[in-house]
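K.L.:
Supplied in structure tokens, the structure appears directly below.
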Amino acid sequence: MLAHDWVDVQATFVEVQSRRAQALRRFATRLDLQHRIEVVEERAEVVAHDHVHRERYDLVTARSFGPPAVAAETAAGLVRMSGWLVVSEPPGGALDRWARDPMHELGFGAPALATANGASYMATQKQRPTLSEIPRNATKLAKQPLW
């Protein structure tokens, strides 16, 4: 767990399902990390428009969040300038899943693949602010992805 290993870091977990959010809070307390971990129980695309969270984070990670276009658009509203988005990829990864031009429109640099201990990840750095209307609502994200 990153929050456990990085002792000088504050962490925010975003989880829409109440049962999972409660479990995250319990785990944080059991690990004595409740003073450094906040659990926000809401849809990530809603949190990304909240001024408290908007483009605030140095690092946003995602796993099994949704297709690349949904994960990138949602994260764009959370990652600060010069911050990083890191998303787990299927084994072997494939950069063609991350369309370069739409990623640039969201404010990200060129996506890159990395592997560690057999797992694959896409990483990209935020280069410029994201338009205020991004991310779009959940329905538009699902029905009209950017790619």
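Every number here is computed from the coordinates shown, using simple stated rules; none is lab data. Small disclaimer: the values here were computed from a predicted structure and weren't measured. Every residue, glycine among them, receives a Cβ derived from its backbone with ideal geometry; neighbour counts consider all protein chains shown.
K.L.:
Would you mind classifying the range 1-42 by shape? Square roots of the alpha carbon gyration tensor eigenvalues, ordered a ≥ b ≥ c; an a/c under 1.5 is rounded, otherwise it is prolate if a/b is larger than b/c and oblate if not. Working shown, then result.
P.N.:
Details: a/c = 2.47, a/b = 1.68, b/c = 1.47.
Here the range 1-42 falls in the prolate category.
K.L.:
The range 1-73: percent of C-alpha pairs farther apart than 17 Å?
P.N.:
47 percent
K.L.:
What does the helix-only formula give at 222 nm for the chain: each DSSP H stretch with n ≥ 4 adding -39500 (n - 2.57), the total divided by the residues, and the result rounded to the nearest 500 deg cm²/dmol?
P.N.:
Per the formula, -7000 deg cm²/dmol.
K.L.:
Still on this model: If you take every DSSP beta bridge whose two residues both sit in the chain, what share of them, in percent to the nearest 5, is antiparallel?
P.N.:
55 percent
K.L.:
If I model a spin label at residue 56 and residue 32 as a point 7 Å from the Cα along the Cα→Cβ vector, what separation in nanometres do I get?
P.N.:
A separation of 2.7 nm, rounded to one decimal place.
K.L.:
Applying 1/(1 + (r/R0)^6) with R0 = 22 Å to the Cβ-Cβ distance of residue 63 and residue 18, what FRET efficiency is obtained, to the nearest 0.05?
P.N.:
Values: r = 20 Å, r/R0 = 0.89.
For R0 = 22 Å, the calculated efficiency reads 0.65.
K.L.:
When Lys and Arg each count +1 and Asp and Glu each count -1, what net charge do the other residues less than 14 Å away from residue 29, Cβ to Cβ, add up to?
P.N.:
Details: positive: 25, 26, 30, 36; negative: 32, 38.
Once positives and negatives cancel, what remains is +2.
K.L.:
Can you give the local net charge around residue 9? Use residues other than it whose beta-carbon is closer than 13 angstrom to its beta-carbon, Lys and Arg +1, Asp and Glu -1. Don't skip to the answer; put the middle values down first.
P.N.:
Details: positive: 36; negative: 5, 8, 38, 58.
Its environment carries a net charge of -3.
K.L.:
With contacts defined as alpha carbon pairs under 8 Å and 6 or more residues apart, what's the relative contact order of the range 19-147 in percent?
P.N.:
Working: 212 pairs, mean separation 30.7, N = 129.
Reported as a whole number, the value is 24 percent.
K.L.:
Rounded to whole Å and ordered largest first, report the semi-axes of the equivalent ellipsoid of the range 56-128 derived from its Cα gyration tensor (root of 5λ). Can you show the working numbers first?
P.N.:
On the way: eigenvalues 67, 32, 24 Å².
They are 18, 13, 11 Å, listed largest first.
K.L.:
Okay, moving on. Rank 54, 26, 128 by mean-square fluctuation in a GNM of the chain with C-alpha springs under 10 angstrom and give only the top-ranked residue.
P.N.:
26
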